[in-house]
Protein chains: 2
Amino acid sequence: MRNLLVVTVILHLATLAVSQQPSVNLMPMPSSIQLGSGQLPIDQTFSFAITGFRDAALEAGVQRAVAALSRRTGMHFYDSSNHAANPTLLIHVEHGREKVQKVGEDESYELAVSEATAKLSAANPLGILRGLQTFLQLVETTGKGFAVPAVTIKDQPRFPWRGLLIDVSRHFIPLDVLKRNLDGMAAVKMNVLHWHLSDDQGFRVESKRFPKLHEMGSDGLYYTQSEIREFVEYAHDRGIRVLPEFDIPGHSRSWFVGYPELASSPGRYKIDPAGPDSVMDPTQESTYKFLDKFIGEMAKLFPDAYFHIGGDEVDGKFWDANPKIQSFIHAHGMKNNQDLQAYFNQRLQKILNKHHKVMVGWDEILHPELPKTIVVQSWRGQESLATAARQGYSGLLSFGYYLDLIWPAARHYAIDPMSDAAATLNAEEKGRILGGEACMWSELVGPETIDSRIWPRNAVIAERLWSPQEIKDVNSMYARLGKLSWRLELLGLTHKSAQTLLLHRMTGRDDIAAARTLADVVEPVKDYARMDSVKGPWDFRAPLDRLVDAASPESDVARQFRDLVQTYIQGGYKDHVAEAQIRTWLTIWRDNDAKLQPLLGPSFLLQEDAPLSEDLSALGATGLQALDYLDKSEPSPEAWKMQQAALLSRAQSPKADLLLMVVAPVQDLVEGSAAGSRGR
Amino acid sequence: MRNLLVVTVILHLATLAVSQQPSVNLMPMPSSIQLGSGQLPIDQTFSFAITGFRDAALEAGVQRAVAALSRRTGMHFYDSSNHAANPTLLIHVEHGREKVQKVGEDESYELAVSEATAKLSAANPLGILRGLQTFLQLVETTGKGFAVPAVTIKDQPRFPWRGLLIDVSRHFIPLDVLKRNLDGMAAVKMNVLHWHLSDDQGFRVESKRFPKLHEMGSDGLYYTQSEIREFVEYAHDRGIRVLPEFDIPGHSRSWFVGYPELASSPGRYKIDPAGPDSVMDPTQESTYKFLDKFIGEMAKLFPDAYFHIGGDEVDGKFWDANPKIQSFIHAHGMKNNQDLQAYFNQRLQKILNKHHKVMVGWDEILHPELPKTIVVQSWRGQESLATAARQGYSGLLSFGYYLDLIWPAARHYAIDPMSDAAATLNAEEKGRILGGEACMWSELVGPETIDSRIWPRNAVIAERLWSPQEIKDVNSMYARLGKLSWRLELLGLTHKSAQTLLLHRMTGRDDIAAARTLADVVEPVKDYARMDSVKGPWDFRAPLDRLVDAASPESDVARQFRDLVQTYIQGGYKDHVAEAQIRTWLTIWRDNDAKLQPLLGPSFLLQEDAPLSEDLSALGATGLQALDYLDKSEPSPEAWKMQQAALLSRAQSPKADLLLMVVAPVQDLVEGSAAGSRGR
């Protein structure tokens, strides 16, 4: 509690400092920043030194930052050393880190950059890791060389828990892909990887006590225990806790393939979604014996103090259908299935307690019979979070941070754990809101596409959870996100580059320019529309190799085009520079279908995109015609406008699970032309 | 000899089969190919089976091919198994491979694809590896799905030695970069990695007997022995021999940093090129004792039967300057330094013989006193190769295959080991020409750029060395190279994608479109012009982060534009489609400088490219004006033409170590317009 009060005070001070939002390329923005004058050159003489506390992990962390600096600048720092007399970067640390990273462990740092040197200081190496990322982001290409602007930064996180959930059950994600995502998380100062390790579609951890879990509960794709230990260490080195989740008693079909006796219904279970389904039977003592042994094994494998047991979306029909379970409910004076799940969670909580773990679960675990030590993760919203906080429970927000819903970054950015219902909490209750987690559910992503669904959008959630609440200017956010995005690719992330390979594969061709022109102005349908468009269960084995998979969740081209059209309209249709740029885009789109059509027929993967390509071409022509009317200062004819309305309406509707994102601005031009606005 | 005669006969038959050059996307082209009708679908039911001989390495090789197929198609082959009843791909092998891959070991295979199944058979797993690459290249994106065309292929290499030299001394190349290049080599059926491991600028192998070699003779960047063993195995798994080269007695300054007693001159040596230089002293017995121990150690580390001792460019001035060496020459009745090097090589040859290795060296080692068992690698040309062959020596051609000279693919493609002087050899002498090696000298490449200098151009040298001599149609080559190039990136190579990161770094911006437009029409200066432009020794520590590093060795855009202009001119200036495409390009270039100029000032890395950008813009304008004259069917005025001549002349000259590659076609348009050709 004491820590949280300190944070609140600091946040208040910080607010004053950051309200100007100086134009530095940082994401997340620090809590306090003062720009100086001049800059520190970064050239091949770059060196560093460490004073105060040091250990091998700290040195390795600094060496990784030097390697990242090398990658950023293309320079090999031959003379970089640990004991330079006049170091470019002086690092001072007070004391060491916790062996197992704690929630709320000090992550603050101070960074002072002058024209001569940079000084980074922190209480512990965790703060240094955060500060090094700030230093790296500050490196700019300038007219005279690479340089860091003179600046004084005092920084600490707003929330102690800033996570990313990655679901590796629906689609297995190999460790190299996860590791580059850890590197990305570290770059934006996130500190929890929530590893969703089991679900209906796959059990992804080797269990030595119950080997049929991973052997029969997966398609052969799982992590061995030695891989997990190495991975957890990799995360720890980057200041990231690994929170394991084993989702029970629902979402647990993969457990039943090898151990059907855990299920509430008899059956021969398969990971194939076409097979029978069930949830765990909480009335059998054998279930708890199993879970005690299993959790005991996992508790040793995952050092974090917290352990996520899922607990969401338990389908009560399997309990309803089992008379033995129903009589258990009556015999124990329970009212309903919710009470049975609460009983299950109480038993589970004791097992976790025995193995020295704190329980984390989704909204549904909230029940007055559970102790206040548990943490509730809310996919339902701030209302649910606030309710928990009022009752004395700690909470995390994930509502609004589901990356798989394919929302624009600005929509995630606008969601604050302390807003809406949470804003009405008192200080003590607010202190129970530990932070939040972005969620990457993997029904529709595989190793090739997951980066593009996480990045760069995840960075704005990271900023929401690290930076002061007042940092919320959307234009600044997009400007900084653009600068960050390509730097994230330097870490090995493929969120931008993977599209190229997907388009080559689709077209089977070397020249993918026309396919890219279309890909650049579409976005996948939002929310659950893609899965909802299929009858029956989603086939998790289906390849993810369509244009919808290659398209970015948020079209930069469309956003920039919308801004351009707004500028043009707000300028009374007189901004010739804007008009010329609009014409350039419209011409490219109008002419693209003629280039793309010959590629569509020969590719079974692109054929479905023919109507989209035609719509884009028609939109281009329409927009150009609207501009012609505007140029002539005469209102466009009513009949023409009616025709265009039909086209615009058609172009609005999703095709091949994709949305054309430039319909609205073209509509604005058509409407402007109808009013003959130029002449007014 | 018997093997070689068989090869010759087969080649003759093959010639008949391939003279039609059917349009399949294979590189290298097989020696015999017959297209059938229909195609074999590749879908998620893909499976394979192996009959006949099998071992773990073969199975691993097939699994790698399945993984590559998965990457190519985006499909995970859940049902792929080793014992399918009706496999998509049936693999039959007669017997196992040699434990250490031999020169001339059978690499032939037969591949028969029908609409129902594919059968791949070979005498040994080496042939299967080659055939699997053919199968993978045949996979197409079609209107109905992924498929392999029905085809019957009988294939074997023209030459038994098809290599790529990679110099890791001038710039250290990490193992992950080398491994992806091995994958690329395997994809184009190359079978030797010639690893240039030591040179003046760095000694890159851990020596346990002489640790000062790698410790003092490098900047800390070297391969450990366990890394090398793992790497050699990785290569062997892919059917690639690893030929180590330790270049002596010249090119050996890095040896002298730790062991100055080996040098012909006293001195305190550094790897820094500014320090003193020397060559080995061949007159001391201690030199041979050292080499005996060293080669003994390396002979165990590198299993290949061959061992490359360099032997090139020995600067005699260091021997001339040492009276002790001069008196040794006189005392032993030698005429000159060449005789002394021959003496050195004879001694070396005995040491290699003792350690069961065959000597390979550059042209300069050729001397009648050396036994005929040695192999001469010629950087001087077919004349040198033919001379060696006539004297009974085996030879390899590298002249014409130096990738660092930044030649267009067509120029490498035109060079044949059996042409010019070699064409006059008799059959027995021709049999001594074992093949050739592409050479990637690394003065101007680092880990980020080496892929783009090797690929895709290396593939045409691979084809020259594998395919029948008659396969030489340049248009077909470029068409197939384009298809291959992006597939090579699927293996992890970055020859196309690395440019993006370099342009981001240079501009410091998210939007690199204008920088890419310029990058796409320039090529680095050729031959040694870049190093020659610097006074004094080349600084190997200088970052490789300029536009010249980001530019491709061969501009696809410029080549396509040249072809387009030729089409237009040959059509009597009447081809409107070609003219429209030409105008599109010219307009983009004309307008690009206005977009790029604002980026140049803020970037110290781009400033030098301002004149290039201006030239490109001017060329665009000139080309458009020429087209306007042509459209009007009136000759362009003489004064205008004079002005353009000045521009064209200026644009021809290299700037920032780059050449604008679209000057000549614009010049053609200007000249056409002067003649008023349209009207004729």
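The values are calculated or read from the model by the stated rules, or taken from the named source; none is laboratory data. It should be emphasised that the depicted structure is a prediction, and the values quoted were computed from it without experimental measurement. Don't worry about glycine lacking a Cβ; one is built from the backbone with ideal geometry, like all the others, and counts go over all protein chains shown. For the accessible areas, the whole protein counts, side chains as well, though only heavy atoms, and no ligand, DNA or RNA atoms are used. Shrake-Rupley method; radii C 1.70, N 1.55, O 1.52, S 1.80 Å.
So if I restrict to the alpha-carbon atoms in segment A:107-168, what is the Rg, and what is Dmax, the biggest pairwise distance, in Å?
Looking at segment A:107-168, its Cα Rg and Dmax stand at 14.3, 47 Å.
Using alpha carbon centroids, what distance separates segment A:571-611 and segment A:292-317, in Å?
So the separation of the two Cα centres works out to 51 Å.
Given all pairs of different Cα atoms, what value in angstroms does the Kirkwood hydrodynamic radius of segment A:466-620 take?
Values: mean 1/r = 0.0559 Å⁻¹.
Evaluated on segment A:466-620, it is 17.9 Å.
Copy-to-copy spacing for B:His330, label 7 Å out on the Cα-to-C-beta vector, in nm, shortest first?
The projected label point of B:His330 is separated from its counterparts by 12.0 nm.
Work out the P(r) tail for segment A:138-221: percent of alpha carbon pairs separated by more than 15 Å, whole number.
Working: 2445 of 3486 pairs.
Result: 70 percent of Cα pairs exceed 15 Å.
Give the B-A buried accessible area in Å², both sides summed, 1.4 Å probe, nearest 100.
On the way: alone 27000 and 27000 Å², together 50550 Å².
Its buried surface, counting both partners, is about 3500 Å².
So for chain B, averaging the separation of alpha carbon pairs under 8 Å that are six or more residues apart and normalising by length, what relative contact order in percent results? Please report the intermediate quantities before stating the final value.
Values: 1288 pairs, mean separation 75.7, N = 680.
Rounded, it is 11 percent for chain B.
Taking the axis that carries chain B onto chain A, what is the nearest Cβ in chain B, and at how many Å, to the whole number?
B:Ser497, 3
Equivalent-ellipsoid semi-axes (√(5λ), Cα gyration tensor) for the protein assembly as shown, whole Å, largest first?
Working: eigenvalues 570, 332, 250 Å².
Semi-axis lengths for the protein assembly as shown are 53, 41, 35 Å.
What residues qualify as long-range amide H neighbours of B:Leu40, i.e. H under 5 Å apart, gap of 5 or more or another chain, H built at 1.01 Å from N?
Those qualifying (amide H under 5 Å, at least 5 residues apart or on another chain) are B:Val148, B:Ala150.
Over the Cα atoms of segment B:179-305, how large are the radius of gyration and the largest Cα-Cα distance (Dmax), in Å?
According to the Cα coordinates of segment B:179-305, Rg and Dmax are 15.5, 48 Å.
With the contact rule set at Cα under 8 Å and sequence spacing of 6 or more, what percent relative contact order holds for segment A:203-323? List each step's numbers first, then the result.
Details: 175 pairs, mean separation 35.6, N = 121.
Relative contact order here is 29 percent.
Which of the trypsin sites (Lys or Arg not before Pro) across segment B:559-622 are loop residues per DSSP, with 15 or fewer other Cβ within 10 Å? Don't jump to the answer; show the numbers that get you there.
Details: sites: B:Arg559, B:Arg562, B:Lys574, B:Arg583, B:Arg590, B:Lys595; in loops: B:Lys574.
When the trypsin sites (Lys or Arg not before Pro) of segment B:559-622 are filtered for loop state and at most 15 Cβ neighbours within 10 Å, B:Lys574 remain.
With runs of 4+ DSSP H residues as the only contributors, calculate the mean residue ellipticity of the protein assembly as shown at 222 nm using -39,500 (n - 2.57) per run, divided by the residue total and rounded to the nearest 500.
Rounded to the nearest 500, the figure is -13500 deg cm²/dmol.
Let a ≥ b ≥ c be the square roots of the eigenvalues of the Cα gyration tensor of segment B:530-592; is it rounded (a/c under 1.5), or, if not, prolate (a/b larger than b/c) or oblate? Can you show the working numbers first?
Details: a/c = 4.22, a/b = 2.89, b/c = 1.46.
Verdict is prolate for segment B:530-592.
Amide H to amide H under 5 Å from A:Ile271: which residues, 5+ apart in sequence or cross-chain, H placed 1.01 Å off N in plane?
It is none; the list stays empty.
How far is A:Glu227 from itself in the other copies, in nm, if each label sits 7 Å out from Cα along the Cα-Cβ line, shortest first?
Label-point separations across copies, in nm and ascending: 2.5.
I need the semi-axes of the equivalent ellipsoid of segment A:57-164: take the C-alpha gyration tensor, multiply each eigenvalue by 5, square-root it, list largest first in whole angstrom. Show your work: numbers first, answer last.
Values: eigenvalues 119, 48, 38 Å².
Taking √(5λ) for each eigenvalue gives 24, 16, 14 Å, largest first.
May I ask you to evaluate 6.51 cos²θ - 1.76 cosθ + 1.60, the Karplus curve with θ = phi - 60°, for each residue of segment B:289-303 and list the ³J(HN,Hα) values in order in whole Hz, giving x for glycine and proline?
4, 4, 5, 4, 5, 5, 5, x, 5, 6, 4, 6, 6, 10, x
Tally Lys and Arg at +1 and Asp and Glu at -1 over the other residues with C-beta under 13 Å from the C-beta of B:Ala621: what net charge comes out? Before the final figure, lay out the partial values.
Working: positive: B:Arg583, B:Arg590; negative: B:Asp591, B:Asp593, B:Glu614, B:Asp615, B:Asp628.
Once all neighbours under 13 Å are counted, the net charge is -3.
Shortest first and in nm with one decimal, please list how far the A:Arg411 label point sits from its counterparts in the other copies (point 7 Å along Cα→Cβ).
5.4
Please give the direction-averaged projected area of the C-alpha convex hull for segment B:330-474, in square nanometres with one decimal.
Values: hull surface 43.5 nm².
Answer in nm², one decimal: 10.9.
Sequence neighbours fewer than 8 away in the same chain don't count; with that in mind, list the aspartates and glutamates whose C-alpha is under 18 Å from A:Lys641.
Within the straight-line cut-off, A:Lys641 pairs with A:Asp615, A:Asp628, A:Asp631, A:Asp668, A:Glu671.
Starting from the Cα of A:Ser114, step 7 Å along the direction of its Cβ; do the same at B:Tyr528; then give the gap between the two resulting points in nm.
4.8
Which trypsin sites (Lys or Arg not before Pro) in segment B:343-424 pass both tests, a DSSP loop state and at most 12 other beta-carbon atoms within 10 Å?
Numbers: sites: B:Arg347, B:Lys350, B:Lys354, B:Lys357, B:Lys372, B:Arg380, B:Arg390, B:Arg411; in loops: B:Lys357, B:Lys372, B:Arg380.
For trypsin sites (Lys or Arg not before Pro) across segment B:343-424 that sit outside H, G, I, E and B with at most 12 neighbouring Cβ atoms in 10 Å, the list reads B:Lys372.
Convex hull over the alpha-carbon atoms of segment B:220-289: what's its volume per residue in Å³?
Details: hull volume 8.4 nm³, N = 70.
In segment B:220-289, the Cα convex hull volume per residue is 120 Å³.
I need the shape label for segment B:539-655. Rule: rounded when a/c is under 1.5, else prolate if a/b > b/c, else oblate, with a, b, c from the alpha carbon gyration tensor. Spell out each step's value before the answer.
Numbers: a/c = 2.37, a/b = 1.85, b/c = 1.28.
Note, shape of segment B:539-655 comes out prolate.
Find the centroid of the Cα atoms in segment B:133-164 and in segment B:633-661, then give the distance between the two in whole Å.
That distance is 45 Å.
Beyond 16 Å, what share of the Cα-Cα pairs of segment A:274-333 remains, rounded to the nearest whole percent? Walk me through the numbers before you get to the answer.
Values: 1055 of 1770 pairs.
Looking at segment A:274-333, the distances longer than 16 Å represent 60 percent of pairs.
When a/c reaches 1.5 or more, the comparison of a/b and b/c decides; with that in mind, is chain A rounded, prolate or oblate per its Cα gyration tensor?
Details: a/c = 1.78, a/b = 1.18, b/c = 1.51.
Oblate shape, in that a/c is at least 1.5 and b/c is the bigger or equal ratio.
In segment A:257-413, if every C-alpha pair distance is counted and binned at 10 Å from zero, what percent goes to each bin?
In order of increasing distance, the bins hold 10, 32, 36, 19, 3, 0 percent.
How large is ³J(HN,Hα), in whole Hz, for each residue of segment A:277-288 in order, when computed from phi with the Karplus curve 6.51 cos²θ - 1.76 cosθ + 1.60 and θ = phi - 60°, using x for Gly and Pro?
10, 6, 10, 5, 8, x, 9, 8, 5, 4, 4, 6
Counting only heavy atoms of protein chains, what accessible area per residue, in Å², does chain B have with a probe of 1.4 Å? Please list the in-between numbers first.
Details: 25280 Å² over 680 residues.
That works out to 37 Å² for each residue.
Segment A:337-415: which GluC sites (Glu not before Pro) are DSSP loop and have at most 16 other beta-carbon atoms within 10 angstrom?
On the way: sites: A:Glu364, A:Glu369, A:Glu383; in loops: A:Glu369.
Those satisfying the criteria are A:Glu369.
Normalized C-alpha radius of gyration of segment A:619-680, against 2.2 N^0.38 Å?
On the way: Rg = 12.0 Å, N = 62, 2.2 N^0.38 = 10.6 Å.
Scaled against compact globular proteins, the figure is 1.14.
Distance cut-off 30 Å, Cα to Cα: go down the list A:Lys289/A:Lys535; A:Lys144/B:Lys535; A:Lys655/B:Lys144; A:Lys496/B:Lys655 and report the pairs above it. Intermediate results must be reported in sequence, preceding the final value.
Working: A:Lys289/A:Lys535 39 Å; A:Lys144/B:Lys535 23 Å; A:Lys655/B:Lys144 20 Å; A:Lys496/B:Lys655 32 Å.
Checking Cα-Cα distances, A:Lys289/A:Lys535; A:Lys496/B:Lys655 exceed 30 Å.
Nothing charged except the Cβ atoms of Lys and Arg (+1) and of Asp and Glu (-1): what's the magnitude of the dipole of segment A:316-421 about its Cα centre? Round to the nearest 20 debye.
Numbers: 11 positive and 9 negative charges, 98 e Å.
Dipole size: approximately 460 debye.
For segment B:321-371 and segment A:334-408, what is the separation of their Cα centres, given in Å?
When both Cα centres are located, 81 Å separates them.
For A:Trp538, list long-range residues whose amide hydrogen, built 1.01 Å from N in the peptide plane, is under 5 Å from its own amide hydrogen.
none
Once phi is turned into ³J(HN,Hα) by the Karplus curve 6.51 cos²θ - 1.76 cosθ + 1.60 with θ = phi - 60°, what whole-Hz value does each residue of segment B:512-524 show in order, with x for glycine and proline?
Values per residue, Gly and Pro as x: 10, 4, 5, 5, 5, 4, 5, 4, 6, 10, 10, 9, x Hz.
For peptide A:496-503, compute the average count of partner chain beta-carbon atoms within 10 Å of each residue's beta-carbon.
Working: counts 4, 6, 0, 0, 5, 8, 1, 1.
Across A:496-503, the average partner-chain Cβ count within 10 Å equals 3.
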